[in-house]
Amino acid sequence: MLEQLNALQKEAEESLTQVTDLKSLNDLRVKYLGKKGPMTEIMKQMGKLSAEEKPLVGARANEVRTALAKQIEAAQARLEEEAIITKLQEETIDVTLPGTKVGAGTPHLLTQVIEELEDLFIGMGYRVAEGPEVELDYYNFEALNLPKGHPARDMQDSFYITENTLLRTQTSPVQARTMEKHDFKNGPIKIICPGKVYRRDNDDATHSHQFTQIEGLVVGENITFSDLKGTLTVLAKKMFGDDREIRLRPSFFPFTEPSVEMDISCFKCGGSGCRVCKGTGWIEILGSGMVHPNVLEMSGIDSKKYSGFAFGMGPERIAMLKYGVDDIRHLYTNDLRFAEQFAAQETEGR
């Protein structure tokens, strides 16, 4: 039986030298040291030995088992280390290779138009004001001369959250909040209010349930309609060319009186009539007017001492007209084929 143990040890050690992976090593462990392996079979036969042979065979069996277990453990440590080294070698990055080119993005066309308008008005002494998109009914309507039940509310089909809160339908609430807090000791109010607005509208080529607006407000002493006209003239020439003319048509907005729509002479045909201006020679751009005295009074401003004008425009409409975009949905679908057309425009503007 001692000879069997010696032969078993020699056979196992020779097998260990041929093991090249952890799976084969585990199979070898099971083969020689498992419950059904030859070591177990030898131990089962010890009952047939004499009293003198049992301690010798038992001691030798323990020596063989311990020696094989240590050798298998050492082989496992070696194979695990080799596996780690191999993996690291496979994952090694050659830093001398050229890197993967990452395309640089550019501002969206709508962002470009908004920033161009902001730069224009900041240069004229305005500041950019912001407000919440989830707004109180009071600031969105009542403070703008639109009390509950006013028929003009139907012009703006709104997303109400509760009875008194809604997604703002215009950026005018920012104007109301600004007037409410303004101290004229610091000078007149001159702000523009860019931001997202929301209305329950069916999306099509010219409408969207969520779009952007930029509204402007000037309030101070001796502000007149001619100041409004001069401001709008500068806006038209800056955005559409120095040869643009403007036309003001009477209109109605609850928060301004008098109210006007501003048209510009067509930049495509110069006023002779074309598809863009629908043959009229003029293109409607924005609405404006003198701030209604009720709006001033509701914000705590003395309408007999102070006056002002306001205007509002849609950057989407300006972008579509200026750059020939025929569908407002192009501005929101994140199609790179569309966006990349205006990358050069943004680069040139810097």
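The values are calculated or read from the model by the stated rules, or taken from the named source; none is laboratory data. These numbers were taken from a predicted model, which means no experiment stands behind them. Cβ coordinates were reconstructed from backbone atoms using ideal geometry, including for glycine residues, and neighbour counts include every protein chain displayed.
Can you name the residue in the stretch 295-340 that is among the aromatic types (F, W, Y) and out of contact with any Ser or Thr (no Cβ under 8 Å at 6 or more places or on another chain) and, of all such residues, is nearest to F255 (Cα to Cα)? Lay out the reasoning, then the answer.
We begin by selecting, within the stretch 295-340, every residue among the aromatic types (F, W, Y); these are 306, 309, 311, 323, 332, 338.
Filter once more, keeping what is out of contact with any Ser or Thr (no Cβ under 8 Å at 6 or more places or on another chain): 306, 323, 338.
Details: Y306: 15, Y323: 31, F338: 37 Å.
Restricting to residues being among the aromatic types (F, W, Y) and out of contact with any Ser or Thr (no Cβ under 8 Å at 6 or more places or on another chain), the top hit is Y306.
Would the stretch 258-269 turn up any residue that is touching a Cys at 6+ places or on another chain (Cβ under 6 Å) and at pLDDT below 90? Taking every residue of the stretch 258-269 in turn, at least one turns out to be touching a Cys at 6+ places or on another chain (Cβ under 6 Å) and at pLDDT below 90.
Output the residues belonging to the stretch 290-314 that are in a helix (DSSP H, G or I) and farther than 19 Å from Y138 by Cβ.
Taking the stretch 290-314 first, the residues in a helix (DSSP H, G or I) are 293-298.
Matches in the stretch 290-314: none.
Per this entry, K238 is counted among residues that are modelled with pLDDT under 95, in a helix (DSSP H, G or I), in the same structural domain as V325 (by TED's automatic domain parsing) and under 23 Å from A129 (Cα atoms). When the stretch 167-189 is filtered for residues that are within 25 Å of H108 (Cα to Cα) and either assigned to a strand (DSSP E or B) or outside the structural domain of H292 (by TED's automatic domain parsing) (or both), only L167 remains.
Of all residues in the stretch 60-71, none are among the basic types (K, R), assigned by TED's automatic domain parsing to the domain that holds K10 and over 20 Å from E14 (Cα atoms).
Filtered by the rule that a residue be of a type in the set (V, I, T) and either without any contact (Cβ under 8 Å) to a residue 24 or more places away in the chain or surrounded by fewer than 14 Cβ atoms within 10 Å (Cβ to Cβ) (or both), the stretch 195-227 gives T206, T224. Where the second residue is modelled with pLDDT of 90 or more and surrounded by 14 or more Cβ atoms within 10 Å (Cβ to Cβ) and the first is within 25 Å of V219 (Cβ to Cβ) and not assigned by TED's automatic domain parsing to the domain that holds R153 and lies in the stretch 249-278, which pairs have Cβ atoms under 8 Å and are six or more apart or on separate chains? Nothing qualifies.
For D243, indicate whether it is over 37 Å from the mean Cα position of the chain (by Cα) and surrounded by fewer than 18 Cβ atoms within 10 Å (Cβ to Cβ). Yes, satisfied.
Evaluation of N202 against the conditions (1) at pLDDT 95 or above; (2) not in a strand (DSSP E or B) shows that the sole unmet condition is (1). Being among the β-branched types (V, I, T), in the same structural domain as M298 (by TED's automatic domain parsing) and surrounded by 14 or more Cβ atoms within 10 Å (Cβ to Cβ) is a description that applies to I192.
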